[in-house]
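Participant: Following this message is one structure expressed as structure tokens.
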Amino acid sequence: MFCEICGVKIIGQPSKIYVEGAELLVCRNCEQFGSKKWSRYPTATQIKVKLPKTKPKEDLFAQLDFGLIENYPDIIRRAREKKGWSQEDLARKINERLSVIKRVELGKMPPDTKLTKKLEKTLEIILTEKIPKEIIPKEPSKGELTIGDVIVVKKK
Ligand SMILES: [Zn+2]
């Protein structure tokens, strides 16, 4: 079962939502893009949403609902400088080409999952966040994450 909006594999029960009268089975994160009740008229949130035309197949982050933080180039550069390493030093330590480090620090090339993990471990930083981060269940019910749980998870 895959989310009909973002293409993510749905673990557990999909959520049924209505977008402009059409029924969609979606993941928890995409619930916000429609309404739970059938309505002919789009809600305010539906108007803002652009549905992606292609499903992310290779994107591991999408499957995990984790994404790179926006300012990853700054985080990497600052962490590296704090350690007193040059870009060459970092490249050597994580066994990557200098050109890769340069492009990543300039924000021209988002690191893939493997590189992100290496950077996080070597520089002792966090480069990913759960997306979308504003989706926190308002009324935690049995078996769901509470706001407290979410904060604990994010701190790790
Ligand atoms: Zn989704």
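Participant: Roughly speaking, what is the stretch gain from ALA22 to LYS117, that is 0.36 nm per residue apart minus the C-alpha to C-alpha distance, in nm to one decimal?
Facilitator: In short, 30.3 nm is gained.
Participant: Each label point is 7 Å from the Cα along the Cα-to-Cβ direction; what then is the distance between the points at ILE11 and ILE69, in nm?
Facilitator: 2.3 nm
Participant: Here is a follow-up. Whole-Hz Karplus ³J(HN,Hα) for segment 71-88, in order, using 6.51 cos²θ - 1.76 cosθ + 1.60 and θ = phi - 60°, x for Gly and Pro?
Facilitator: So the J values, rounded to whole Hz, are 9, 4, x, 5, 4, 5, 4, 5, 5, 5, 5, 4, 7, x, 9, 7, 4, 4.
Participant: Need one number: the % of Cα-Cα pairs in segment 66-128 sitting beyond the 21 Å mark.
Facilitator: Numbers: 131 of 1953 pairs.
Roughly 7 percent, rounded to a whole number.
Quick note: the coordinates plus some simple rules give every number you see, no bench work behind them. This structure is a prediction, so every number in the text was calculated from the model and none was measured. Glycine also receives a Cβ, built like all others from the backbone with ideal geometry; neighbour counts cover every protein chain displayed.
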